[in-house]
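Each reported figure results from applying straightforward, stated rules to the coordinates on display, with no laboratory input. No experiment lies behind these values; they were computed from the predicted model shown. Cβ sites come from the backbone with ideal geometry, for glycine too, and all protein chains shown count toward neighbours.
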Amino acid sequence: MNTQTHNLRAALIAFIAFTAFSGADTIVKTLSARIGVYETTFLLSVFALSFIVVHGCLSGQAKRLLPVYPKLAFGRALLLSMNTLLIYYAFSALPLAEAYVLGFLSPIFVAIVAFIMVGERLSLRGWFGVLLGFAGVIWILQPGAAPLSAGHLAALGSALFFAIAQVLLRRAKSDESDKALVVALLIVQSCFAGLLALYNGLITPQWQDLGLALLGGGLIAFAQTMIVKAFRLGSAAIVAPVQYSQIIWGLFYGALLFNAPVEIHMLAGAVVILISGWLVLN
């Protein structure tokens, strides 16, 4: 199978994975209005962890659930847990599409963080993409025209934590298991979300809430598995931009389930950020 075919299959697998992630994000937004964002995150993380552990044991890969380099695995997990908690809060406070667009600054932040932390150089076109991305954010946020909310800051913060985690992952040894990295993330995420849920006061979920959380956890476990396959099969420059398909799902679910209006300035800013991400990735 040639490189082009591999990349095509990887892009298709990535699209399926990000579609599943979007479904889980919609469940997060729905449940957060009922039982709070931290309790929602805890339930989905525990269910996703359970699915992955059971699958690992049944498939005879139980040993690969344990990290070979625990410091790196749990350091990355800490950063990604912050990323998840922040973006889930953004989902609860903003229209899905708007939270997605701001979260998609992560490729731009990756370029900046990699330059600062490991000295990776970026081409002139790449730096133009960085500046263009921030221009897109300013266009979306419209300083002075609308108040900057905690949801906006959470979405931007999530992109930054994700970028730092991605740069840290580049230092991971090739013999570190992908499953172990995901398990470490879900363990840390469950602990953080559980403590925050206890601090804020628990709300007893209804049976339908638990059913939605179980479905969301299954979608997360499935999506994590598929996205690992996609990045192993194809080029990162091909796979990563497929994430932008979540904007379409965000607009669709937002209009269908949450009566979120489609705003022209947000769409224009999204186009600018998509172009900037493409410039940085290429």
Query - Lysine pairs within the stretch 3-281, Cα separation less than 22 Å, 8 or more sequence positions apart or different chains - result: 8
Query raised in the report: Hey, how many Å between the Cα centroid of the stretch 5-42 and the Cα centroid of the stretch 208-282?
Result: 7 Å
Query - nm² value of the averaged projected area, convex hull over the Cα atoms of the stretch 3-281 - result: 15.3 nm²
Query - Fully extended contour minus Cα-Cα distance, from I138 to S123, at 0.36 nm per residue - result: 3.1 nm
Requested in this report: Go through the stretch 260-267 residue by residue and turn each phi into a ³J(HN,Hα) via Karplus (6.51, -1.76, 1.60, θ = phi - 60°); whole Hz please, and just put x for glycine and proline.
Outcome: 7, x, 8, 9, 4, 5, 6, 5
Requested in this report: Return the sequence-ordered ³J(HN,Hα) values of the stretch 199-207 in whole Hz as given by the Karplus equation 6.51 cos²θ - 1.76 cosθ + 1.60 applied to θ = phi - 60°, using x for Gly and Pro.
Outcome: 4, 7, x, 7, 10, 5, x, 7, 4
Query - Taking the C-alpha atoms of the stretch 132-282, convex hull volume expressed per residue in Å³ - result: 161 Å³
Query - Pair I264, L169: separation of 7 Å Cα→Cβ label points (nm) - result: 3.8 nm
Query raised in the report: Quick one: Karplus J couplings for the stretch 208-216, per residue in order, coefficients 6.51, -1.76, 1.60, θ = phi - 60°, nearest Hz, x for Gly and Pro?
Result: 5, 5, 5, x, 5, 5, 4, 4, x
**Report entry** Sum of -39500 (n - 2.57) over DSSP H runs of 4+, divided by residues of the chain (222 nm, nearest 500)
**Finding:** -27000 deg cm²/dmol
Query raised in the report: What's the extension gain from V54 to V68 if we count 0.36 nm per residue and subtract their Cα-Cα distance?
Result: 3.1 nm
Query raised in the report: How long, wide and thick is the stretch 177-240, going by the Cα atoms along their three principal axes, in whole angstroms, largest first?
Result: 44, 24, 19
